[in-house]
Protein chains: 2
Amino acid sequence: MVLKTAKVNIQLDKESAVSLSQQIYESLRNQILSGDLKPGDRLPAARNLSKSLDISRPTLATSLEQLELEGYLEIRQGSGAYVCSTLKQKPNRDKEGQGPAKLPISEYGEFLEALPEQHETGTTQQAEPEICFYPWRPALDQFPLEEWARILGRQARNSDLSVLDYVFQAQGDQWLREEICGMVARFRGVKCTPEQVIITMGLNQGLNIAASLHLRNGSSVVVEDPGYSFAWSIFRGHGANVVPISVDAQGLRVDWLADTRNAKLVYVMPAHQFPTGGVMPLTRRLELLEWARRKNAIILEDDYDSEYQDHGKPIPALMSLDTNGCVVYAGSLNQLMFPSLGLGFLLVPPHMVGLYTRARQYAGEQLSVHLQRAIAEFIQEGHLDRHIKRLRGLYSERRNVLVQALVENLGGKCGIVNTGAGVFVLARFKSKFNDEEIMERAKKQGVGLVSSRSFYLVRAPRNEFILGTANLDEEQILEGVARLAKIIG
Amino acid sequence: MVLKTAKVNIQLDKESAVSLSQQIYESLRNQILSGDLKPGDRLPAARNLSKSLDISRPTLATSLEQLELEGYLEIRQGSGAYVCSTLKQKPNRDKEGQGPAKLPISEYGEFLEALPEQHETGTTQQAEPEICFYPWRPALDQFPLEEWARILGRQARNSDLSVLDYVFQAQGDQWLREEICGMVARFRGVKCTPEQVIITMGLNQGLNIAASLHLRNGSSVVVEDPGYSFAWSIFRGHGANVVPISVDAQGLRVDWLADTRNAKLVYVMPAHQFPTGGVMPLTRRLELLEWARRKNAIILEDDYDSEYQDHGKPIPALMSLDTNGCVVYAGSLNQLMFPSLGLGFLLVPPHMVGLYTRARQYAGEQLSVHLQRAIAEFIQEGHLDRHIKRLRGLYSERRNVLVQALVENLGGKCGIVNTGAGVFVLARFKSKFNDEEIMERAKKQGVGLVSSRSFYLVRAPRNEFILGTANLDEEQILEGVARLAKIIG
């Protein structure tokens, strides 16, 4: 019996960074997978093949051995190399990467697919306008970067190898949890123990975990309208109906909660409502807690960005008043340090710590211990407190500059909704143009604006904008407002 | 009308680190919240109060102003300070922190609450035995810590302030995704683009995201038995039925898939099955891909710990053979660098990238950009490749030492199930004692063992142990086995 030797087609690029043996391996592998070389085919003798390709025998042998190891070839002693005869299936290459005709997608997947584009964050960033009144941006240039880098590098150099090992603290690093306890006691009046702190991947993971634990298909969740619309999508992703209740200068209209029949979760920002800036007074806080007690409901307190009150100390967090264990507190260091830090935390009543810890564990591994410990040291050494206190004064000045400039430049064309605190001012413009047109006209003048429109659930007012000033100096604010005055129309 | 002045009870600790005004504030606040001071009550005149407490008038004024700001007191000009008359509710303090009688808990919350204790990771770590054969621990002392710390510190010192800003790349940092592409091409034979890479919080977040997108209540998911049991709980948390299929030395028994009726997701470790160490050969891989194509199913490939093959290059990942876009690849750098790093990644077929990106975005913020970029630089500079290549040889040596020591010391009392690759050896002991007893006896000798029992779904064999050697030197391995020989019985 004469064995037929298959024809192989190998093109080598001797200039390539890819090794010759790798090139041969890939070429033969592709011919086998594509069916050009068939099960049982015999390759040309190694001597002939190495000669025709002008390569050494060991180079060829390396390729063939790898192919044998992976099951593409059988090398028979004294006979040569054969395409493996048990290779029966060949993948369908017709619709490469197109995916199965009907993918198995969950309800959650379907929900995500149906979300409108506005929720998308692109993978590439467009060039920004020169002056951006963006409410999410703190004063980046004020952050003590040198201190931070020094501390982070030092923590990473920690020669205690157990720090590198598996983390069996699903709640996060003990030291960091202790420092966060101290921080919320100093700034937010919350007394809790490190056992109640759960480190999360930013604020959003905290909201997602709470939603996953308290919402089921058909649940109702009360939210502030306007409010943080990203959270609404998180809640809906867990099958919940989002029930909006209006806010006024004192935050959520707690008196309207009576109309919500089955809500078992209410999501509020009592310290500094976004985007209206409302601060909930004590009376209303106590009413809210009493409502939750009567209804056996959970209050999810979003305390983001609450450290920057102007006068006196900030009002303590709602959680500090809770004696029934019904408040879950979600916080973040991203606005206090810098947004790309990616660190949030939950404060959880003792009776729910076990439950939340498990949910955190199943949601993914903990953040890098080096990072967690660097943040702990940064807080312990007082850098965070000093930074917050310095920014308070600066943010207050910058807000005042903006308000005065708006009044002077725009006069009756600008109504200021709230100037109370924090890093932004909510303002409404009287204009013949609409939101989109104003943003477009501002952009042409090099000014970036954020409309409040997407943060309203029921009906947004015309031409309301959230003007952040934290990262703009006086000159930029004045120039930005002067440019706005020209285009409001 | 004679106004009654309420009696206040303030105890000051002048040695305390807490300021006097803070102490007064807290004391009055607590008396108001507890009802000891009632709405409408008048406080003693400031002059009298400061005198009786032996503090300055400004100190007292600071406290009272804060209480007024927060809505506890009303200060009437010329008349004094009154407990706010609109404070009607008083929180129920009877069952402090006990929580509502009937908490609103989701199905997911109920599932987590019902999980057996074995899944819990405690918040405190017990003292470890002297010699731990733990399969999850890489050679910690081999990691180039100085290089890593230098790079991390340098990345944090990056003076480009835009790095500190909000991250609008939900998939993760572009540079890191490029480096991961290169890495999986070099080590795992996977050709993908950075657009297909999604950075996750460790491997578990990747598994959780895939589960959330493909599983719904009543779905079936095929898993390897034995296998990574933590993943089973993740799948069940999404309402799925976990369908076990046995493994042999070649991994999952793909021929048994025909018996699974409705499974639309199969979770496999083809490169190095945990804990059996089986490697799936090409024929079976192609069968698995063909099954998925026919059934429109998704294959979730867990490629954890696959870089440490002994002979030749590791077999390329299953994803490298997928031409139908049905393989989702979950990887991690935690075993390659160090476990507390907390970095994982998904490789997703192009047609599902949008869906997975949204799911990642809703699951929480991205990891610290400083950390992501430091890892990118660590890979780009070749540190990771050199580290992996060095460990391959070391791990192989250590495994060989263990196998030889087991044979010499335990002889017929030890059957070695698999020695193929990776960082552990699976061995069965013949003993009159059971798993628990052997672990307890070993612990008393200062030896830590991990039974494979909890990784079996249907029926675990008696006295099978997963012996990790990566972090043990020759002397420790020999000493550990010698001690085992004494107690196996």
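Summary table below
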| quantity | calculated |
| --- | --- |
| Any hit, the range B:341-351, residues being surrounded by fewer than 24 Cβ atoms within 10 Å (Cβ to Cβ) and either more than 7 Å from every other protein chain (Cβ to nearest Cβ) or touching a helix residue (DSSP H, G or I) at 6+ places or on another chain (Cβ under 6 Å) (or both) | no |
| Residue check for A:TYR267: open to solvent by 20 Å² or more (accessible area, probe 1.4 Å), away from chain B (no Cβ under 11 Å) and closer than 26 Å to A:GLN366 by Cα | no |
| Any pair with Cβ under 9 angstrom, 6 or more apart, that starts in the range B:205-228 at a residue that is open to solvent by less than 10 Å² (accessible area, probe 1.4 Å) and ends at one that is at pLDDT 95 or above and among the acidic types (Asp, Glu) | B:GLY206/B:ASP302; B:LEU207/B:ASP302; B:PRO226/B:GLU464; B:GLY227/B:ASP302 |
| Residue match in the range B:379-394 (condition: within 23 Å of B:ALA460 (Cβ to Cβ) and outside any helix (DSSP H, G or I)) | no |
| Residue in the range A:75-95 that is aromatic (Phe, Trp, Tyr) and either assigned to a helix (DSSP H, G or I) or modelled with pLDDT under 85 (or both) present | no |
| Matching residues in the range A:452-478 - criterion: being touching a Leu at 6+ places or on another chain (Cβ under 6 Å) and assigned to a helix (DSSP H, G or I) | A:ILE477 |
| Tally of residues being open to solvent by 20 Å² or more (accessible area, probe 1.4 Å), assigned to a loop (DSSP other than H, G, I, E, B) and more than 7 Å from chain A (Cβ to nearest Cβ) across the range B:313-324 | 1 |
| Given (1) closer than 30 Å to B:LEU341 by Cα; (2) assigned by TED's automatic domain parsing to the domain that holds B:LEU478; (3) at pLDDT 95 or above; (4) not aliphatic (A, V, I, L, M), number of the condition B:SER396 does not satisfy | (3) |
| Count of residues meeting criterion [under 22 Å from B:HIS214 (Cα atoms) and more than 7 Å from chain A (Cβ to nearest Cβ)] in the range B:356-374 | 3 |
| Criterion: out of contact with any helix residue (DSSP H, G or I) (no Cβ under 7 Å at 6 or more places or on another chain) and closer than 21 Å to A:PHE187 by Cα - qualifying residue of B:SER52, B:SER27, B:SER21 | B:SER27 |
| The range B:143-169 residues that are more than 28 Å from A:LEU203 (Cβ to Cβ), paired with ones that are of a type outside the set (A, V, I, L, M, F, W, C) and open to solvent by 60 Å² or more (accessible area, probe 1.4 Å) (beta carbon under 6 Å, 6 or more apart) | B:ALA149/A:ARG157 |
| The range A:332-355 residues that are without any contact (Cβ under 8 Å) to a residue 12 or more places away in the chain, paired with ones that are assigned to a helix (DSSP H, G or I) (beta carbon under 6 Å, 6 or more apart) | A:SER340/B:LEU164; A:SER340/B:VAL369 |
| Failed item in (1) closer than 22 Å to A:ALA460 by Cβ; (2) open to solvent by 30 Å² or more (accessible area, probe 1.4 Å); (3) assigned to a helix (DSSP H, G or I); (4) away from chain B (no Cβ under 11 Å), with A:TRP232 passing the rest | (2) |
| The lone exception for B:ALA17 - which of (1) on the phi > 0 side of the Ramachandran plot; (2) at pLDDT below 85 it fails | (1) |
| Hey, B:VAL242 aliphatic (A, V, I, L, M), within 22 Å of the chain's Cα centre (by Cα) and open to solvent by 20 Å² or more (accessible area, probe 1.4 Å) or not | yes |
| Residue in the range B:126-135 that is modelled with pLDDT of 90 or more, open to solvent by 30 Å² or more (accessible area, probe 1.4 Å), in a helix (DSSP H, G or I) and facing another protein chain (nearest Cβ under 9 Å) present | no |
| Per-region count, the range A:335-372, residues part of a helix (DSSP H, G or I) and not β-branched (Val, Ile, Thr) | 18 |
| Count - residues of the range A:195-219 that are within 10 Å of chain B (Cβ to nearest Cβ) and assigned to a strand (DSSP E or B) | 1 |
| Condition met for A:GLY202 (on the phi > 0 side of the Ramachandran plot and of a type in the set (Gly, Ala, Ser)) | yes |
| Subset of the range A:180-194 (residues that are without any contact (Cβ under 8 Å) to a residue 40 or more places away in the chain, under 18 Å from B:ALA17 (Cα atoms) and within 11 Å of chain B (Cβ to nearest Cβ)) | A:ALA185 |
| Output for the range A:325-334, where each listed residue is more than 9 Å from chain B (Cβ to nearest Cβ) and surrounded by fewer than 24 Cβ atoms within 10 Å (Cβ to Cβ) | A:LEU333 |
| Top-ranked residue of the range B:273-306 - restricted to ones that are assigned to a loop (DSSP other than H, G, I, E, B) and open to solvent by 10 Å² or more (accessible area, probe 1.4 Å), ranked as nearest to A:ILE105 (Cα to Cα) | B:ASN296 |
| Some residue of the range B:412-423 being open to solvent by less than 10 Å² (accessible area, probe 1.4 Å), within 24 Å of the chain's Cα centre (by Cα) and among the aliphatic types (A, V, I, L, M) | yes |
| Filter result (over 19 Å from B:GLU146 (Cα atoms), open to solvent by 20 Å² or more (accessible area, probe 1.4 Å) and in a loop (DSSP other than H, G, I, E, B)) within the range A:139-184 | A:PRO144, A:TYR166, A:VAL167, A:PHE168, A:GLN169 |
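The values are calculated or read from the model by the stated rules, or taken from the named source; none is laboratory data. Please read all numbers here as calculations on a predicted model, not as lab measurements. Note that we place each Cβ from the backbone using ideal geometry, even for glycine, and neighbour counts take in every protein chain shown. For accessibility, only protein heavy atoms count, side chains too; no ligands or nucleic acids. Shrake-Rupley method; radii C 1.70, N 1.55, O 1.52, S 1.80 Å.
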